[in-house]
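Reviewing the structure listed below.
The values are calculated or read from the model by the stated rules, or taken from the named source; none is laboratory data. Not measured: the values here are computed from a predicted model. Positions of Cβ are backbone-derived with ideal geometry, glycine not excepted, and every protein chain shown enters the neighbour counts.
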Amino acid sequence: MLSYRHGFHAGNFVDVHKHITLMLLIGSLQKKNTPFCYIDTHAGAANYDLQSDFAQKNREYETGISRLWGLTNLPPSIGAYLDAVKKVNLGLQKDQNSPRYYPGSPAIVRQMLRPQDRMILMELHNTEAPVLKEHFKGDPQVSVHHRDGFEGLGGLVPPGERRGLVLIDPAYEIKGEYDRVIEVLTDAWVKWSAGIYAVWYPVQKKQPVPQFHYDLRNSGINKIYLHEFSVIADAAPNRLSGTGMVIINPPWKFDEQIKAILHWLVPVLDRGSHLPARSEWLVSEE
């Protein structure tokens, strides 16, 4: 039985990083009129109440979305992200100084789908999956599957559109999950090497992130870009200190865009690490 519930972490600094990146990638796909398909292997529950018992336990949203909520004169990509969060709160939250609801990846991407695009969501958790299905009930552009996203991905690529993005965002609560990511990602890339893949991973002590990077470099996959940052210095072994993502087939000038975003974003979210963001090619685009 899986124990992970994203409601505990909704709106934290990880979500801010992940969702700004996700919107940047979806935005690149919108530049062509031809349809695209978005596939999410660990979709969660789509929308989260920040006043719920889950969210209030550690109030992790205070490390992320709350730090951006009242800011103005934002860079365009960050402003677009904040607008997406505000859209799900429109007319619903009583306190205008803070958000009441936080949209997960599927809800954010749904705002960006055009009539010709579609979305495939997978979620294994027995509690989250029904909530996800109910959220998108009757939506002809969204398919929801109560299943293991790792097992399901191979049968979904390449999508009929031949253009699109896969988000792989597991909890890394199961031993060997980094190896599973490499295995599933490599298999999917062999079948659909033209797709964009975004993989999130946690940055914390005693996590095998260097080995994960090494395995990616030696996977045979081309065009892999890494960006990560920490908000807490010298964190305890089980405490999340930072967030990282690898992007396969990033769009043109993505590296320049994400560097500029992190240059602005990291000081806003930093809680004492004062560490520079890391942005580099793991496997060159050449």
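Please pick out the residue among 279, 273, 193 that is under 18 Å from the mean Cα position of the chain (by Cα) and not aliphatic (A, V, I, L, M).
279
Which ones in segment 121-168 are touching a Gly at 6+ places or on another chain (Cβ under 8 Å) and small (Gly, Ala, Ser)?
Listed by number, the list holds a single entry, 164.
Scan segment 140-150 and give yes if some residue there is within 26 Å of residue 225 (Cα to Cα) and either small (Gly, Ala, Ser) or in contact with a strand residue (DSSP E or B) (Cβ under 7 Å, 6 or more places away or on another chain) (or both), otherwise no.
yes
If you take the residues of segment 67-84 that are without any contact (Cβ under 8 Å) to a residue 60 or more places away in the chain and within 18 Å of the chain's Cα centre (by Cα), which of them is nearest to residue 14 (Cα to Cα)?
This residue is 82.
With the checklist (1) closer than 27 Å to residue 62 by Cβ; (2) small (Gly, Ala, Ser); (3) not in a loop (DSSP other than H, G, I, E, B) in hand, flag the one item residue 188 doesn't pass.
(1)
Among the residues of segment 11-60, how many are part of a helix (DSSP H, G or I) and either at pLDDT below 95 or among the aliphatic types (A, V, I, L, M) (or both)?
Residues flagged as part of a helix (DSSP H, G or I) and either at pLDDT below 95 or among the aliphatic types (A, V, I, L, M) (or both) within segment 11-60 amount to 16.
Residue 98: in contact with a strand residue (DSSP E or B) (Cβ under 9 Å, 6 or more places away or on another chain), of a type in the set (Gly, Ala, Ser) and either in contact (Cβ under 8 Å) with a residue 24 or more places away in the chain or more than 28 Å from residue 203 (Cβ to Cβ) (or both), yes or no?
When the stated conditions are applied, residue 98 does not pass them.
Within segment 185-203, can you find the residues that are over 20 Å from residue 251 (Cα atoms) and free of Cβ contacts under 8 Å to residues at least 40 places away in the same chain?
Of everything in segment 185-203, just one residue is over 20 Å from residue 251 (Cα atoms) and free of Cβ contacts under 8 Å to residues at least 40 places away in the same chain, namely 187.
Does segment 201-220 contain any residue that is crowded, with 20+ Cβ neighbours inside 10 Å and closer than 20 Å to residue 43 by Cα?
yes
Would you mention how many residues in segment 241-253 are crowded, with 20+ Cβ neighbours inside 10 Å and at negative phi?
Residues flagged as crowded, with 20+ Cβ neighbours inside 10 Å and at negative phi within segment 241-253 amount to 9.
Condition check ((1) within 24 Å of residue 261 (Cβ to Cβ); (2) buried (at least 21 other Cβ atoms within 10 Å of the Cβ); (3) of a type in the set (Gly, Ala, Ser); (4) free of Cβ contacts under 8 Å to residues at least 60 places away in the same chain) across all residues:
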{"site": "15", "(1), (2), (3), (4)": "yes, yes, no, no"}
{"site": "22", "(1), (2), (3), (4)": "yes, yes, no, no"}
{"site": "28", "(1), (2), (3), (4)": "yes, no, yes, no"}
{"site": "35", "(1), (2), (3), (4)": "no, no, no, no"}
{"site": "42", "(1), (2), (3), (4)": "yes, yes, no, no"}
{"site": "53", "(1), (2), (3), (4)": "no, no, no, yes"}
{"site": "56", "(1), (2), (3), (4)": "no, no, no, yes"}
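I'm trying to understand the selection: among the residues of segment 105-154, which are of a type in the set (Lys, Arg), assigned to a loop (DSSP other than H, G, I, E, B) and either crowded, with 22+ Cβ neighbours inside 10 Å or in contact (Cβ under 8 Å) with a residue 60 or more places away in the chain (or both)?
114
Here is a yes/no grid of residues against (1) out of contact with any strand residue (DSSP E or B) (no Cβ under 9 Å at 6 or more places or on another chain); (2) basic (Lys, Arg):
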residue: 225; (1), (2): no, no
residue: 240; (1), (2): no, no
residue: 249; (1), (2): no, no
residue: 254; (1), (2): no, no
residue: 259; (1), (2): no, yes
residue: 266; (1), (2): no, no
residue: 272; (1), (2): yes, no
residue: 279; (1), (2): no, no
residue: 282; (1), (2): no, no
